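Everything below concerns the one structure shown next.
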Amino acid sequence: MRENAIRKKLAAGESVINGWLAIPSSYSAEVMGHQGFDSVTVDLQHGMIGMDAALPMFQALSSTSAVPLARVPWNDPAQIMKLLDSGAYGIICPMISTVDDAASFVSSCRYPPKGQRSFGPARALLYGGADYYSGADREIMTLGMIETQAGLDNLDKILSLEGLDGIYIGPNDLALALGSQPKSESDDPVVIQAVAHIRERAKAHGKIAGIFCSSGDAAARRVKEGFQMVTPGNEAALLSTAAKAAIAAIRGVTLPASAAGNGY
Ligand code: 3PY
Ligand code: MG
């Protein structure tokens with residue numbers, strides 16, 4: 001089976017730069033996949049992407065070296081299994097709040113006896129190889145999003161779960177859960193402390209700590225803090241930021257800091 005290059009990179013202690021797709025287009029998936037991201041996530045939660053659009057996006061990513069991941073809309077075994085059958089090499093699952101949530105999520109990604117994944121790898125055979133079945137449980141990555149108060153309260157139990165490779169912080173939902181404004185880079189000390197706490201606990205459990213960020217600069221700061229997997233906003237945010245900067249350059253104006261997006 002084709003190896004999961006980001007699993008290998010993370011195991012070697014290297015950080016992973018993850019692209020994020022919200023636009024339902026195989027062309028933008030292909031463009032993003034060719035830019036040097038280690039992995040690219042097709043976002044079926046907040047991205048404008050359904051199952052039918054996701055398939056050609058995975059096909060486009062196959063023409064690049066980026067490892068294809070998916071964020072599912074919810075912790076739904078049917079959607080998780082279908083995205084794995086479409087060739088996703090890892091799943092980012094929103095709103096993991098309890099160890100039971102995490103156990104159900106991991107189980108959806110693993111074949112029996114480890115889990116309840118149903119057999120029918122379809123396109124995953126074409127991307128992963130004819131021996132997909134024998135390596136899938138080893139190569140497929142499971143990242144649970146910590147972005148609720150309950151997720152924070154149950155963090156150590158969630159991180160103790162065997163088969164969960166790591167956590168991914170959703171800073172906007174986390175900020176909302178803590179009574180703050182939804183922001184990828186919050187300046188609220190309560191949110192800052194929670195983000196640091198999640199990162200430290202993930203490290204203590206030997207699990208991957210990832211986080212969604214608003215820009216390349218913000219993601220670089222997160223890597224310095226110790227996050228191993230970062231996303232510098234989605235492609236729609238990168239596109240709008242570049243478009244605003246081009247217009248500002250032509251008009252000869254300086255963009256105010258407020259022109260920067262929130263990663264969405
Ligand atoms: C959040 O910030 O809540 C996210 O889920 C990022 O995509
Ligand atoms: Mg979220």
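Laid out as a table, the results:
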{"item": "Stokes-Einstein D (µm²/s) once Rh is taken as the Kirkwood radius of region 143-257 over alpha-carbon pairs, at 4 °C in 1.567 mPa s", "result": "86 µm²/s"}
{"item": "Non-local Lys pairs in the chain, i.e. 8 or more apart or on different chains, that have alpha carbons under 23 Å apart", "result": "16"}
{"item": "When region 63-109 is reduced to its Cα atoms, the Kirkwood hydrodynamic radius in Å", "result": "11.0 Å"}
{"item": "Listed residue (134, 247, 226) projecting farthest to the positive dipole end of region 130-250, Cβ model", "result": "247"}
{"item": "Per-selection metrics, region 129-193 (Cα): Rg and Dmax in Å", "result": "15.7, 50"}
{"item": "Average Cα contact separation per residue, the chain, under 8 Å, 6 or more apart, as relative contact order %", "result": "17 percent"}
{"item": "Relative contact order of region 70-128, pairs being alpha-carbon contacts under 8 Å that are 6 or more residues apart, as %", "result": "37 percent"}
{"item": "The chain: calculated mean residue ellipticity at 222 nm from DSSP helix runs of at least 4, using -39500 (n - 2.57)", "result": "-13000 deg cm²/dmol"}
{"item": "Segment residue 246-residue 259, length gained on full extension (0.36 nm per residue, minus Cα span)", "result": "3.4 nm"}
{"item": "Whole-angstrom Cα spans of the chain along principal axes, big to small", "result": "60, 41, 32"}
{"item": "Quotient of C-alpha Rg and 2.2 N^0.38 Å, computed over region 1-111", "result": "1.02"}
{"item": "Spatial separation of Cα centroids for region 10-57 and region 156-221, in angstrom", "result": "20 Å"}
{"item": "Computed magnitude of the charge dipole of region 1-149 (debye, nearest 20; Cβ of K, R +1, Cβ of D, E -1)", "result": "280 debye"}
{"item": "Given charges at beta-carbon only (K, R positive; D, E negative), |dipole| of the chain in Debye", "result": "380 debye"}
{"item": "In nm, spacing of pseudo-spin labels at residue 3 and residue 204 (7 Å Cα→C-beta vector)", "result": "3.3 nm"}
{"item": "For region 119-264: relative contact order, % (alpha-carbon pairs under 8 angstrom, 6 or more apart)", "result": "17 percent"}
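Computed from the coordinates by the stated procedures, all read-outs in this text should not be read as laboratory data. Just so you know, these numbers come straight off a predicted model, no measurement behind them. Please note: Cβ atoms are built from the backbone with ideal geometry, for glycine as well, and neighbour counts cover all protein chains shown.
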